[in-house]
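Data first, discussion second: the structure below is written as structure tokens.
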Amino acid sequence: MSHISIKSPFGDLTVFEEDGRLVAIEWGKAPASKKAPVLIEAREQLDAYFDGTLTHFDLPLAPRGTPFLERVWKHMRTIPFGATETYGEVAKKLQSGPRAVGMACGRNPLPILVPCHRIVGAGGGLTGYSGGGGIETKRALLRLEQP
């Protein structure tokens, strides 16, 4: 599995690929490795996202999880740039419960690319975020997506 570390407004991120598809993003920097073409493209798209010039990622993703987790992650990718849905709204659409949706958010291996930051609490309240600086990072990502 090769990877690339990139700078972001929220600190270093390390993006991992396997067989030409992205499988994980971790907060922090990792030692250098062979850089696959998909990693270079991921860096370019993430840089453009952080610069405010990209609103939709077009990268091959392969997050691994249970069928339920993968359903939630797939749904997250349908939430438009700059929009949010509540845990309850997502749960209703997927015929599940809000806590299960929250658990899927916490297990998301590709934060930002699979935008779990766009799922908020009832009434728009910011609850839980497992990456970077926690809720402050979630708030900053949502702010980044506002016009």
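The values are calculated or read from the model by the stated rules, or taken from the named source; none is laboratory data. No experiment lies behind these values; they were computed from the predicted model shown. Glycine gets a Cβ as well: all are built from the backbone with ideal geometry, and neighbour counts include every protein chain shown. Calculation scope for accessible area: heavy atoms of the full protein, side chains included, ligands and nucleic acids excluded. Shrake-Rupley method; radii C 1.70, N 1.55, O 1.52, S 1.80 Å.
Couple of notes before you dig in:
- Test: residue in the range 117-136 that is touching a residue at least 60 places away in the same chain (Cβ under 8 Å), closer than 22 Å to A48 by Cα and in contact with an Asp or Glu (Cβ under 7 Å, 6 or more places away or on another chain): no
- Of residues in the range 27-76 being among the small types (G, A, S) and in contact (Cβ under 8 Å) with a residue 24 or more places away in the chain, the one nearest to R143 (Cα to Cα): G52
- Filter result for K74 (closer than 13 Å to C116 by Cα and among the charged types (D, E, K, R)): yes
- Residues that are under 18 Å from P67 (Cβ atoms) and surrounded by fewer than 18 Cβ atoms within 10 Å (Cβ to Cβ), drawn from the range 100-147: A100, M103, G106, R107
- Strands (runs of 3 or more DSSP E) wholly inside the range 1-84 containing at least 1 residues that are of a type in the set (D, E) and open to solvent by less than 90 Å² (accessible area, probe 1.4 Å): 11-18
- Of all residues in the range 87-99, those being of a type outside the set (A, V, I, L, M, F, W, C) and open to solvent by less than 30 Å² (accessible area, probe 1.4 Å) number 1.
- Subset of the range 95-127 [in contact with a Cys (Cβ under 7 Å, 6 or more places away or on another chain) and outside any helix (DSSP H, G or I)]: N108, I119
- Residues that are assigned to a helix (DSSP H, G or I) and in contact with a helix residue (DSSP H, G or I) (Cβ under 8 Å, 6 or more places away or on another chain) were ranked within the range 128-140; the one that is modelled with the lowest pLDDT is T137.
- Output for the range 106-147, where each listed residue is under 10 Å from the mean Cα position of the chain (by Cα) and within 12 Å of T86 (Cα to Cα): C116, H117, R118
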